[in-house]
1. Could you tell me whether segment 316-327 includes any residue that is among the polar types (S, T, N, Q), buried (at least 21 other Cβ atoms within 10 Å of the Cβ) and within 13 Å of the ligand (Cβ to nearest atom)?
2. When you go through Val142, Val186, Val172 one by one, which is the residue that is assigned to a helix (DSSP H, G or I) and either modelled with pLDDT of 95 or more or under 30 Å from Gln105 (Cβ atoms) (or both)?
3. Mind checking which residues of segment 42-70 are part of a loop (DSSP other than H, G, I, E, B), of a type outside the set (Asp, Glu) and in contact (Cβ under 8 Å) with a residue 12 or more places away in the chain?
4. Is there any pair linking a residue in segment 334-355 that is farther than 13 Å from Asn305 by Cα and free of Cβ contacts under 8 Å to residues at least 40 places away in the same chain to one that is in a helix (DSSP H, G or I) and more than 16 Å from the ligand (Cβ to nearest atom), with Cβ under 6 Å and at least six apart or on different chains, and which?
5. Here is a list: Ser279, Ser270. Which entry is polar (S, T, N, Q) and free of Cβ contacts under 8 Å to residues at least 24 places away in the same chain?
6. In segment 297-315, what residues are within 13 Å of the ligand (Cβ to nearest atom) and over 20 Å from the mean Cα position of the chain (by Cα)?
7. Kindly indicate whether any position in segment 206-213 is modelled with pLDDT of 95 or more and more than 16 Å from the ligand (Cβ to nearest atom).
8. Looking only at residues in segment 219-244 that are of a type in the set (A, V, I, L, M) and within 16 Å of the ligand (Cβ to nearest atom), which one is surrounded by the most Cβ atoms within 10 Å (Cβ to Cβ)?
Amino acid sequence: MNKTLVINSGSSSLKFQLFENQTNEVLIAGLVERIGMDMSYLKLEFNDKKVKLDKDMPNHGVAIKFMLDSLIEYNIVKDIKEITSVGHRVVQGGEYFNKSVSVGQEELNKIYELAELAPLHNVPNGKGIEECMKILPDALNVAVFDTEFHTTLEPKSFLYPVPKLWYDEYKVRKYGMHGTSYKYIVEKMAEIKNKSVDDMNMIICHLGNGASLCATEKGKSIQTSMGLTPLDGIMMGTRSGSIDPSIFEYVNSKTGMDIKEITKVLNKESGLAGMSGVSSDFRDLIAEMEKGNEDVKLTVDIYVNRIVETIGSYFFRLKKVDAIVFTAGIGENVAMIRDRVIAELNFLGVKLEATKNNNNELVISSDDSSIEVLVLPTNEEYQIYKEVQRISLERN
Ligand code: ADP
């Protein structure tokens, strides 16, 4: 039976899931880590089993080949030809890609060209596609873009107040990310509520390692917190989010670090990890808070504040909000963050029911809350799978 592989290819990692097309079932999920480094390995999860296989994987081609061989070894597929389509997560689609596409050489070249705007992401994303084109030459390769969902932003929302030339010549603008997650949430909410996506305005908080918020009006993104790159917006695991751009010059004058070094610190050594001095992992932060660590408490105060201020600004854009949805690692699991964020909205009549919130239930608001608040686990892989199904149907 035909199967669809969904791949999220990073610079040194590769996450994947294999779907059975007829049943939509996930047959196996896995992760390759440390591609191009020493001690690389493949982890697989299937039929309640977990397997870790060590193997030297110097590049993405070897990693994909090893992963496919393991599917045969563990009897998940008999022949890799059963994989008739592959869906690839691509972070940056620029203004060129406003929907998922079947990838040929022309599209692949464009994905590499757009790497200018997302070098850390589009290059490995492109490599994943290129290798699949070689190893599975008969399969349909579909690129699904993180930026796609935000191509509905109006110029008043996506342009920065900088010289117009920067946009006209260099395409400096907000692109936004996590679009696949937002699309999944919007469509899932419509399914759960048995409504059309057009009937709902939402504020969605995608709080993972990378984190952003999105205001959706009638199912479309009208504002989002990430910008030209994923560095913009709210505070994240290791990213600062928005800061005064003058900090670059000031820190350079104080430390001698150049733009590249400062950008790296803002991406990798800031946010929850940088401020707390503990970790980017929220579980570690909770443990430290319980011990009374004051730096961590302040870090969490700032984290909450950044989310609340963003939610506030989205209320003004949307006017009417039907639901606030929390998703991704922190949004789905950390009741304390949801509680503290919504506490700041109590004055608007938005209220949580503590037991429901503590149990991570689907609806966590109280019956008399002015706006429904939900916890909805995101599933970007499934959304990519759905996009692949849609494109294969269109082609047949
Ligand atoms: P990404 O996909 O961006 O890497 P995730 O959506 O997996 O990120 O979210 C990772 C974050 O979620 C980390 O801060 C992690 O600590 C947090 N997280 C995940 N599960 C839990 C949990 N059960 N309790 C507390 N925090 C959690």
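The values are calculated or read from the model by the stated rules, or taken from the named source; none is laboratory data. Worth saying up front: this structure is predicted, and the values here are computed from it rather than measured. A quick note on method: Cβ atoms are made from the backbone with ideal geometry, for glycine too, and the neighbour counts reach across all protein chains shown.
1. Filtering segment 316-327 down to residues among the polar types (S, T, N, Q) leaves 327.
Cutting the leftovers down to buried (at least 21 other Cβ atoms within 10 Å of the Cβ) gives us 327.
Narrowing further to those that are within 13 Å of the ligand (Cβ to nearest atom): 327.
Within segment 316-327, one or more residues are among the polar types (S, T, N, Q), buried (at least 21 other Cβ atoms within 10 Å of the Cβ) and within 13 Å of the ligand (Cβ to nearest atom).
2. Being assigned to a helix (DSSP H, G or I) and either modelled with pLDDT of 95 or more or under 30 Å from Gln105 (Cβ atoms) (or both) holds for just one of Val142, Val186, Val172, which is Val186.
3. Kept after step one, since they are part of a loop (DSSP other than H, G, I, E, B), are these residues of segment 42-70: 47-48, 55-59.
Retained after the next criterion (residues that are of a type outside the set (Asp, Glu)): 47, 55, 57-59.
The answer is Lys55, Met57, Pro58, Asn59.
4. What qualifies is Val350/Ile342; Leu352/Ile342.
5. On the way: Ser270 fails: free of Cβ contacts under 8 Å to residues at least 24 places away in the same chain.
Unique residue meeting the criteria: Ser279.
6. Filtering segment 297-315 down to residues within 13 Å of the ligand (Cβ to nearest atom) leaves 299-300, 303.
Thr299, Val300 - these are the residues of segment 297-315 that are within 13 Å of the ligand (Cβ to nearest atom) and over 20 Å from the mean Cα position of the chain (by Cα).
7. Scanning segment 206-213, I find no residue that is modelled with pLDDT of 95 or more and more than 16 Å from the ligand (Cβ to nearest atom), so the answer is no.
8. Taking segment 219-244 and keeping what is of a type in the set (A, V, I, L, M), we get 222, 226, 228, 231, 234-236, 243.
Cutting the leftovers down to within 16 Å of the ligand (Cβ to nearest atom) gives us 226, 231, 234-236.
Details: Met226: 29, Leu231: 19, Ile234: 26, Met235: 24, Met236: 26.
Checking each candidate, the answer is Met226.
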